[in-house]
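K.L.:
Structure provided below as structure tokens; questions to follow.
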Amino acid sequence: MASFNPQDLKTSVLHGYLLSAVSPRPIALASTIDGKGNSNLSPFSFFNVFSANPPILIFSPARRVRDNTTKHTLHNVEATKEVVINVVNYDLVHQASLSSTEYPEGTNEFEKAGLSMLPSDKIKPFRVAESPIQFECKVNEIIALGTEGGAGNLVICEVVKLHISEEVLNDNQTINQEALDLVARAGGSYYSRAKTGFFEIPKPLSSLGIGVDNMPDHVKNSMILTGNNIGMLANVEILPNASDVNKFIDDISERYPDIKTASHREKHKLAQNYLSYGDVESAWKLLLS
């Protein structure tokens, strides 16, 4: 494994490592106005949600690595203390990227990117009409993390109103993640399309899993099962009893006539197949036979 001390790396190299390693990152398409009322629009992937009560989003317009200059968005939120954070989905990702072009101060990136300006209800900056979710925010605080190129500036935003397109809402008013179709930023020129990579993992908080430490040795030390497999198996509340295990083996004997005499290795491979379909219960019954 290659190991580095951050202070030994050029900032540009460290910047590249961080952005490639900590990814994918959600994108905030931040709409602001300057002191003269000129609109500005720019995407930021140093961004996330940090609180629900109060509702807090934070994004960070970092100082440019190459020349230590600061961005118009930072100047604007310092001056007006308001910002709209628009989410970026697949349909507008190229336009969002175009808005990151370093146009001269006073340029309206809405116009350059071909995006529509939608008046906000509570603040002055405009919303991006094409964005499926828009957060009107007041800026509570700006924290400068340094004075050299690459240093971030944490813009702590409190949501004062949010707007969600009906097209991405389910009947019960929850957000349909597939319909939302968000994109995220990775290193270099790479992006990730969220809905093409969705999978579900039951939250450990919903149940008290037995944990790896309570698993039989031949399972937790398996040469076949992966770490993800072990994690799935360890998240059950209770192991199947002997009666359930025997019934399961009898039931599958027609499909797998040699199952009762199969080796641990053979059973682990078959259990892994069950796990690939999310059938943890059957996998455990097979492993305990």
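K.L.:
Please work out which residue is modelled with the highest pLDDT, limiting yourself to the range 186-205 and to residues that are in a helix (DSSP H, G or I) and exposed (fewer than 12 other Cβ atoms within 10 Å of the Cβ).
P.N.:
196
K.L.:
Just to be sure, is residue 157 buried (at least 17 other Cβ atoms within 10 Å of the Cβ), within 25 Å of residue 18 (Cα to Cα) and touching a residue at least 24 places away in the same chain (Cβ under 8 Å)?
P.N.:
Working: buried (at least 17 other Cβ atoms within 10 Å of the Cβ): yes; within 25 Å of residue 18 (Cα to Cα): yes; touching a residue at least 24 places away in the same chain (Cβ under 8 Å): yes.
Taking the combined requirement at face value, the residue satisfies it.
K.L.:
Here's a follow-up. Of the residues that sit in the range 132-166 and are closer than 23 Å to residue 15 by Cβ and among the polar types (S, T, N, Q), which one is modelled with the lowest pLDDT?
P.N.:
It comes out as 147.
K.L.:
Right, something else. Can you tell me which residues in the range 132-154 are touching a strand residue (DSSP E or B) at 6+ places or on another chain (Cβ under 6 Å), of a type in the set (A, V, I, L, M) and surrounded by 15 or more Cβ atoms within 10 Å (Cβ to Cβ)?
P.N.:
Selection gives 133, 139, 142, 154.
K.L.:
Same structure, new question: What single numbered condition from (1) open to solvent by less than 50 Å² (accessible area, probe 1.4 Å); (2) on the phi > 0 side of the Ramachandran plot; (3) without any contact (Cβ under 8 Å) to a residue 60 or more places away in the chain fails to hold for residue 106?
P.N.:
Of the numbered conditions (1) open to solvent by less than 50 Å² (accessible area, probe 1.4 Å); (2) on the phi > 0 side of the Ramachandran plot; (3) without any contact (Cβ under 8 Å) to a residue 60 or more places away in the chain, the odd one out for residue 106 is (3).
K.L.:
How about the range 1-51: which of its residues are surrounded by fewer than 20 Cβ atoms within 10 Å (Cβ to Cβ) and among the aliphatic types (A, V, I, L, M)?
P.N.:
1, 2, 9, 13, 14, 18, 19, 21, 22, 49 - these are the residues of the range 1-51 that are surrounded by fewer than 20 Cβ atoms within 10 Å (Cβ to Cβ) and among the aliphatic types (A, V, I, L, M).
Residues are listed down the side, and each one gets a yes or a no for (1) in a helix (DSSP H, G or I); (2) among the aliphatic types (A, V, I, L, M); (3) on the phi > 0 side of the Ramachandran plot; (4) at pLDDT 95 or above:
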{"site": "12", "(1), (2), (3), (4)": "yes, no, no, no"}
{"site": "16", "(1), (2), (3), (4)": "yes, no, no, no"}
{"site": "20", "(1), (2), (3), (4)": "yes, no, no, no"}
{"site": "23", "(1), (2), (3), (4)": "no, no, no, no"}
{"site": "31", "(1), (2), (3), (4)": "no, no, no, yes"}
{"site": "36", "(1), (2), (3), (4)": "no, no, no, no"}
{"site": "40", "(1), (2), (3), (4)": "no, no, no, yes"}
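K.L.:
Name the residues in the range 82-106 that are in contact with a strand residue (DSSP E or B) (Cβ under 6 Å, 6 or more places away or on another chain) and of a type in the set (Phe, Trp, Tyr), would you?
P.N.:
Result: 90, single match.
K.L.:
Next question, about the same structure. Check whether at least one residue in the range 76-91 is free of Cβ contacts under 8 Å to residues at least 40 places away in the same chain and under 30 Å from residue 178 (Cα atoms), and report yes or no.
P.N.:
Within the range 76-91, none of the residues are free of Cβ contacts under 8 Å to residues at least 40 places away in the same chain and under 30 Å from residue 178 (Cα atoms).
K.L.:
I need the full set of residues from the range 52-81 which are open to solvent by 40 Å² or more (accessible area, probe 1.4 Å), modelled with pLDDT of 95 or more and not in a helix (DSSP H, G or I), in order please.
P.N.:
If the condition is that a residue be open to solvent by 40 Å² or more (accessible area, probe 1.4 Å), modelled with pLDDT of 95 or more and not in a helix (DSSP H, G or I), then 52, 53, 54, 55, 81 are the ones that fit.
K.L.:
Which residues, taken from the range 109-131, are in contact with a helix residue (DSSP H, G or I) (Cβ under 9 Å, 6 or more places away or on another chain), at pLDDT below 95 and either open to solvent by less than 20 Å² (accessible area, probe 1.4 Å) or under 15 Å from residue 73 (Cβ atoms) (or both)?
P.N.:
The answer is 109, 112, 113, 115.
The values are calculated or read from the model by the stated rules, or taken from the named source; none is laboratory data. Bear in mind the structure is a predicted one, so any value in this text is a computation, not a measurement. As a convention, Cβ positions derive from the backbone with ideal geometry for all residues, glycine included, and neighbour counts pool all protein chains shown. Note: areas computed on protein heavy atoms with side chains; ligands, DNA, RNA excluded. Shrake-Rupley method; radii C 1.70, N 1.55, O 1.52, S 1.80 Å.
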